[in-house]
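In what follows, a single structure is set out as structure tokens and then discussed.
The values are calculated or read from the model by the stated rules, or taken from the named source; none is laboratory data. Since the structure is predicted, the reported quantities are computational estimates derived from the model, not experimental observations. All Cβ positions, glycine included, derive from the backbone under ideal geometry; neighbour counts span all protein chains shown. In case anyone asks, the SASA skips ligands and DNA or RNA and just uses the protein heavy atoms, side chains included. Shrake-Rupley method; radii C 1.70, N 1.55, O 1.52, S 1.80 Å.
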Amino acid sequence: MANQSSRYPILCASFNQDNSGFAISTKDGFKIIDSNTGRLCYDRAVGAFIIVEMLYSSSLLAIVGAGEQPSLSPRRLCLFNTTTGAPLREMTFLTSILAVRLNRKRLVVVLQEKTYIYDSNSLSMLDTIDTVPNLKGLCAFSPSLEGCFLALPASTAKGAVLVYNVMELQLHCEIDAHRSPLAAIALSSNGKYIATASEQGTIIRVHLVSEATKSYSFRRGTCPSTIFSLSFAPSLQLPDILVATSSSGSVHIFSLGFETNQSLLTLSRTKMSGSFLGSILPYSVNDALDPAHHHVLHNAVSAGVRSYAVVRKVDKVADSSSSEIASCRAIISLIAYNGYFQEYTFTLNSQNESTWSLEREFNLVAVISGNAETS
């Protein structure tokens, strides 16, 4: 996620595929930081970068310069080895690179009107997708090899999204999600669900990718707001938690719940109504989630400051007297582009009562070798 404004010290920020580490860039260079400890893993002060993408916790990075010096052109993608401190391969494009996504099999490069798919190992080009003008480089990517999808805007006039199967190299579907153009897209790590938000920012919708059908419709609020980020929990089975950040400075959490022994399209309201798994959306597209099921942390960052949040972990605690789930606990990591990292514990019990607890906070720009200082 690149910063469109240079008034904040963080130019870009991205978590790796399992959220165990993250990268940030400033005007001086980039840093790789361990999400669990806040420890600085790698630091390179060679100039400004607008894209720094990790491949899990490996030594491979995909980096793109901000163009402030000739060697860091925004048209050049560098695959960089942090162990040797040297480039493995450089690829130059005709226009600026707006986004890069990768897993162990595929490398995706997003330009304004074209998106290129490469084999991650041989770097041979596999396909080219012609797109509508995508000025912000909006995209989403699910890293799972079993459900590896790429999502891109399909229209500049409305909130339509194109879903492409990156492994099979074919269009999977096109979804009309909103009346207004898209502002944010996210795919669950297993590729089952896609979440979208429009430029209005009042409704967040979740679709089942395999059927291209709507499953949820969340109301974030009634006043328009820019959705800065959407992210699912890195669940291997179901995307239990969806987190969003917005220009209001708030962090929003929604729970997804399913009756797993039936069709994924069948929502069991009766069985789930008394538990946190009952935090599901009404059937109608025009309905929105009851405000009582909307869990918000207000003023997490200053209003207007770009932020990026992920769910790093979700634990479900079963009632000792029954097999039903009594509560869930999620670890939420948040990067604010004014230079701060925050980590919260979010707890939701069976009465739909939630609590937020700030576990740690530190200045990203000041992180040096060793553990970060927390406040």
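Would you check if there is a residue in segment 52-67 being acidic (Asp, Glu) and over 17 Å from GLY29 (Cβ atoms)? No, because not a single residue in segment 52-67 is acidic (Asp, Glu) and over 17 Å from GLY29 (Cβ atoms). Checked against (1) without any contact (Cβ under 8 Å) to a residue 24 or more places away in the chain; (2) under 21 Å from the mean Cα position of the chain (by Cα), ILE32 passes all but condition (1). Is there a residue in segment 223-240 that is touching a Phe, Trp or Tyr at 6+ places or on another chain (Cβ under 9 Å) and among the acidic types (Asp, Glu)? Yes, segment 223-240 contains a residue that is touching a Phe, Trp or Tyr at 6+ places or on another chain (Cβ under 9 Å) and among the acidic types (Asp, Glu). The number of residues in segment 211-240 that are open to solvent by 20 Å² or more (accessible area, probe 1.4 Å) and either part of a strand (DSSP E or B) or without any contact (Cβ under 8 Å) to a residue 40 or more places away in the chain (or both) comes to 7.
I'd like to check something: does segment 51-72 contain any residue that is at negative phi, touching a helix residue (DSSP H, G or I) at 6+ places or on another chain (Cβ under 7 Å) and touching a residue at least 40 places away in the same chain (Cβ under 8 Å)? Within segment 51-72 (the criterion being at negative phi, touching a helix residue (DSSP H, G or I) at 6+ places or on another chain (Cβ under 7 Å) and touching a residue at least 40 places away in the same chain (Cβ under 8 Å)), the answer is yes, since at least one residue qualifies. On the stretch given as segment 145-187, residues that are assigned to a loop (DSSP other than H, G, I, E, B) and either out of contact with any Leu (no Cβ under 8 Å at 6 or more places or on another chain) or open to solvent by 30 Å² or more (accessible area, probe 1.4 Å) (or both) total 14.
Just the residues that are surrounded by fewer than 23 Cβ atoms within 10 Å (Cβ to Cβ) and at pLDDT below 90, please, taken from segment 241-253. Passing the criteria: none in range.
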